[in-house]
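Below you'll find the structure, written out as structure tokens, and then a few comments.
The values are calculated or read from the model by the stated rules, or taken from the named source; none is laboratory data. Here the structure is a predicted model, which means the values were calculated and not measured. Here the Cβ is made from the backbone with ideal geometry for all residues, glycine too, and neighbour counts use every protein chain on show. For the accessible areas, the whole protein counts, side chains as well, though only heavy atoms, and no ligand, DNA or RNA atoms are used. Shrake-Rupley method; radii C 1.70, N 1.55, O 1.52, S 1.80 Å.
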Amino acid sequence: MAEKKKMSVAEILAAARKTDGGATSDEAAPKSSDAAEAAPAAESSPAPEKPAAKPAAKPAAKPAAKSGGGRPSVAEMLAAARAEKQGGAKPAEKPAAAKPAAAAKEAPAKKPAPAKAKEPVAAKAQAPKDTGSILAAARNPSKPGPMTKAEAARQAPAEKPKPAAKPVKSKLTVPPMPAKPDYAKPKPKAAAATTTDRRGFLTGMMLGSCLGIGFVSMSTTFGLWLLGTARFMYPNVLMEPPSQFKVGFPSNFAPGQVETKFVGQYGVWIVNYEYNGEPQIYALRTVCTHLGCTPNWLEGEQKFKCPCHGSGFYKDGINFEGPAPRPLERYAIRVADDGQLEVDKSKLFQEEIGQWSDPASFVAV
Amino acid sequence: MHGVSEAEVVSGIAPFLGGYYLFLASMNAVMAFYLWHYKHRTNDALVWTAFSLFMVIVSAAAMGGSPPGLPESVRNLVNWLTGPVIYSVGTTVLLVIAYVLRRWWVKPMVAWTLLNISLVAMGVSMVDANFAAIVTKPDNVPIVGLVFLLGFFTWLATAKAVENDNRAKEGLPPTEKLDDEKVLVWPDLVYTELICMVALTALLLVWAIALQAPLEEPASSVKTPNPSKAPWYFLGLQEMLVYYDPWMAGVVLPSLVLVGLAAIPFLDFNKLGNGYYTIEQRKFSYLVFQFGFLELWITLIILGTFFRGPNWNIFGPFEFWDPHKVLALNNVDLSQYFWIGFMGEALPKPSPDATTLSQILTILLREWLGIVLVVLYFVALPPLMAATIFRGFFVKMGFLRFMLMANLLLFMAALPLKMVLRWTLNLKYIIAIPEFFLNF
């Protein structure tokens, strides 16, 4: 197929040169090329194409068809028939350039139908001549002669550049008019001016233009963000109040008193009460041992009561109602050097594992 | 309620109640017209017309500033009835009654009467300041609506099931099989959904404008609102947390609910009842579902929404939410009952100096009765069930499936059992090992 295409393109070029070189002089050339195209297109097998095309290009349409007809192929028969038709039409069409186009419209339109109709026959007769190749041949862009508009459009992009290149050269060389330098001079000047402007623009942009300011400020912002993120990792604030804090002198707490003023800041009740009959001051953690709500101290009922699930604790922190499974927890408490009570929240004491007997968990009164 | 006199509350709610009773009147008038015109049941129509006229009079009275209320004795009776024990046992009894009498109460006229009774009861209760304060709280208004919606759907499903069961007795196919025509997704379903969507959006807009969102003070880690309630759909779980250790009620039992629901298709061996409503053909499944949904979920949500007040105490619907209400709720572990109450000794206490092994042995000695009871409940009871009431189930299901089903059922039953034990015997934990966060 590749060879075939190459050949066909070469033929096109040859035909095109012929038409370009002597369109008016030689009418036989388009004729022969036209016939040549028709014959190999119908045959479509790569091997016989070359021999078929070469002889077809030189003699008239009918001999070409006959040479093709030597092979017992239906497609060739069709090609021959088409060649006859075209040949019949040619004498009238050739002189005028417009007429071949009109004939071409008819011819390709007819081509596909018979080709398709006889596909099976062709396949039986000769294996290589399949439908695809026939159609490919039918669509072969190497047709220098009449063609449909669609075909012309398809071939246009491939063929146009080549002819376009030639005419431009000839135009440039042939008419060396005084007007040309005039056109030619301003163009290089303009190009030179734009390049110098670009350089200036680039430097300007980098230094002080709006875009430059934008990029600089953006990168600055990102840099600051990055620094801020790094700073965020080392906060300068204490997330919690100090775990050790002083709550005043032991004499501030009357016997039986539950001091609730430290709940908001430290989450602790300071209670002056007794445990196992021993009067002592202790710090209870304000977290329910059931699910962690903050219970309320009910002065009237003398108990801690959780609003979430109703757990209740005595004044000494022992659970007695509701679902809380354990007593409230104690924080460490001691008398500091200055005589004030100091609570240490970093140590917890749980009653159910006997930690309330630890002297660090209370201050004896 | 708070510094507002009874008369002020009544005058505030009277216009609303006037409209409410007018709505009831028009609702019943429409029903009377429907019965007379389409069903040609003149007697029923006359009854509902009379009721409708009565409602108009009540509405006029309410508009005039004197809506009818409940006498003090009735309110006290209702408060007493909604005490925890009667409430939890009573809902179970109601469930059984509803099951036994289902052929009676699914009759349209009976159901309509029940609906009217509940709506009127709602209206006359609203005059009470405490009741109105609970029911008209923006948080609770949708739950009131949901209660009525749930009643309607329960009636609808039961009515269809009863009808199908009656047809099955006569050898007829269920009603769902009669209307077997295929319906197209487009346009039948999609149009229905579109209409529902538009209607619900409109309802939501009206609701959002009419009822302000109940915003509270900024959250604080050291101040818990009193009472502190979960979202309404989690109030059943919150109620469960009152009776069990957080690990049990917060993790194990909810997971078991999910696992149990997922296990239903593998446990179910009854091929009947596929694609239609029925009770007779699936009695066990029906009862278990009604118990699990209506009893263990809905009634607990209602309890948590309307009856749980400050300090998570239980308050009757007409009771003032007193944050200083004193209840004797001293809870006692089973081990304390056994050692202190029965044996007259002190609890065996592991000494902190002893080795871990001896501590554990002491704890086991302390809790031996509870451990034995729990093991018996979950290990000995299933074979007993298989040998007696669930004999047929055991034969059909095989050992593994039956054991799974029996244990799931026992876990379901454990919640109301524990609730009643808590309220009657003040029993806190059957097994109480706070040393290892292991309580049951």
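Structure data summary
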{"read-out": "Residue match in the range B:181-201 (condition: in contact with a helix residue (DSSP H, G or I) (Cβ under 6 Å, 6 or more places away or on another chain) and either surrounded by fewer than 10 Cβ atoms within 10 Å (Cβ to Cβ) or away from chain A (no Cβ under 14 Å) (or both))", "value": "no"}
{"read-out": "Any strands (runs of 3 or more DSSP E) falling wholly within the range A:236-326 and containing at least 3 residues that are within 11 Å of chain B (Cβ to nearest Cβ) and among the acidic types (Asp, Glu)", "value": "none"}
{"read-out": "Condition broken by B:VAL332, with the remaining ones in (1) within 13 Å of chain A (Cβ to nearest Cβ); (2) open to solvent by 60 Å² or more (accessible area, probe 1.4 Å) satisfied", "value": "(2)"}
{"read-out": "Criterion violated by B:VAL30 - all others in (1) open to solvent by less than 20 Å² (accessible area, probe 1.4 Å); (2) of a type in the set (Val, Ile, Thr); (3) modelled with pLDDT of 95 or more satisfied", "value": "(1)"}
{"read-out": "Among residues of the range B:245-271, those that are free of Cβ contacts under 8 Å to residues at least 40 places away in the same chain, buried (at least 17 other Cβ atoms within 10 Å of the Cβ) and more than 20 Å from the chain's Cα centre (by Cα), counted", "value": "1"}
{"read-out": "Enumeration of residues in the range B:213-227 that are within 9 Å of another protein chain (Cβ to nearest Cβ) and either without any contact (Cβ under 8 Å) to a residue 60 or more places away in the chain or not in a loop (DSSP other than H, G, I, E, B) (or both)", "value": "B:SER220, B:SER221, B:VAL222, B:LYS223, B:THR224, B:PRO225"}
{"read-out": "The range B:425-435, residues that are surrounded by fewer than 21 Cβ atoms within 10 Å (Cβ to Cβ) and within 10 Å of chain A (Cβ to nearest Cβ)", "value": "B:ASN426, B:GLU435"}
{"read-out": "Residue, surrounded by the most Cβ atoms within 10 Å (Cβ to Cβ), within the range B:299-329, restricted to residues that are in a helix (DSSP H, G or I) and within 9 Å of chain A (Cβ to nearest Cβ)", "value": "B:ASN311"}
{"read-out": "Residues of the range B:272-285 classified as without any contact (Cβ under 8 Å) to a residue 12 or more places away in the chain and under 23 Å from B:VAL89 (Cβ atoms), total", "value": "1"}
{"read-out": "The lone exception for A:PRO323 - which of (1) at pLDDT 90 or above; (2) open to solvent by less than 20 Å² (accessible area, probe 1.4 Å); (3) under 60 Å from the mean Cα position of the chain (by Cα) it fails", "value": "(1)"}
{"read-out": "Verdict on B:PHE393 being aromatic (Phe, Trp, Tyr), out of contact with any Leu (no Cβ under 8 Å at 6 or more places or on another chain), surrounded by 11 or more Cβ atoms within 10 Å (Cβ to Cβ) and away from chain A (no Cβ under 14 Å)", "value": "yes"}
{"read-out": "Some residue of the range A:263-285 being crowded, with 20+ Cβ neighbours inside 10 Å, in contact with a Cys (Cβ under 7 Å, 6 or more places away or on another chain), within 24 Å of B:PRO434 (Cβ to Cβ) and not hydroxyl-bearing (Ser, Thr, Tyr)", "value": "no"}
{"read-out": "A:GLU329 vs. criteria in contact with a strand residue (DSSP E or B) (Cβ under 8 Å, 6 or more places away or on another chain), at pLDDT below 90 and within 14 Å of chain B (Cβ to nearest Cβ)", "value": "no"}
{"read-out": "Qualifying residue in the range B:417-424 (condition: touching a Ser or Thr at 6+ places or on another chain (Cβ under 9 Å), within 22 Å of B:GLU295 (Cβ to Cβ), within 14 Å of chain A (Cβ to nearest Cβ) and surrounded by 15 or more Cβ atoms within 10 Å (Cβ to Cβ))", "value": "yes"}
{"read-out": "Scan of the range B:335-370 for residues that are more than 14 Å from chain A (Cβ to nearest Cβ), touching a Phe, Trp or Tyr at 6+ places or on another chain (Cβ under 9 Å) and part of a helix (DSSP H, G or I), ordered by number", "value": "B:PHE338, B:TRP368, B:LEU369"}
{"read-out": "Scope the range B:91-121; condition open to solvent by less than 30 Å² (accessible area, probe 1.4 Å) and of a type outside the set (Lys, Arg); matching residues", "value": "B:THR91, B:VAL106, B:VAL110, B:ALA111, B:ASN116, B:LEU119"}
{"read-out": "The lone exception for A:TRP356 - which of (1) under 24 Å from B:PRO348 (Cα atoms); (2) more than 12 Å from chain B (Cβ to nearest Cβ) it fails", "value": "(2)"}
{"read-out": "Residue count for the range B:122-146, restricted to those that are under 22 Å from B:LEU300 (Cβ atoms) and open to solvent by less than 60 Å² (accessible area, probe 1.4 Å)", "value": "14"}
{"read-out": "Residue list for the range A:298-312, filter: open to solvent by less than 40 Å² (accessible area, probe 1.4 Å) and in contact (Cβ under 8 Å) with a residue 24 or more places away in the chain", "value": "A:PHE304"}
{"read-out": "Leading residue by the ranking (modelled with the lowest pLDDT) among those in the range B:161-188 that are under 30 Å from B:GLN281 (Cα atoms) and aliphatic (A, V, I, L, M)", "value": "B:VAL183"}
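Okay, residues lined up against (1) farther than 28 Å from A:ASN319 by Cβ; (2) touching a residue at least 24 places away in the same chain (Cβ under 8 Å); (3) touching a Lys or Arg at 6+ places or on another chain (Cβ under 9 Å):
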position: A:TYR234; (1), (2), (3): yes, no, no
position: A:VAL258; (1), (2), (3): no, yes, yes
position: A:GLN265; (1), (2), (3): no, yes, no
position: A:ASN276; (1), (2), (3): no, no, no
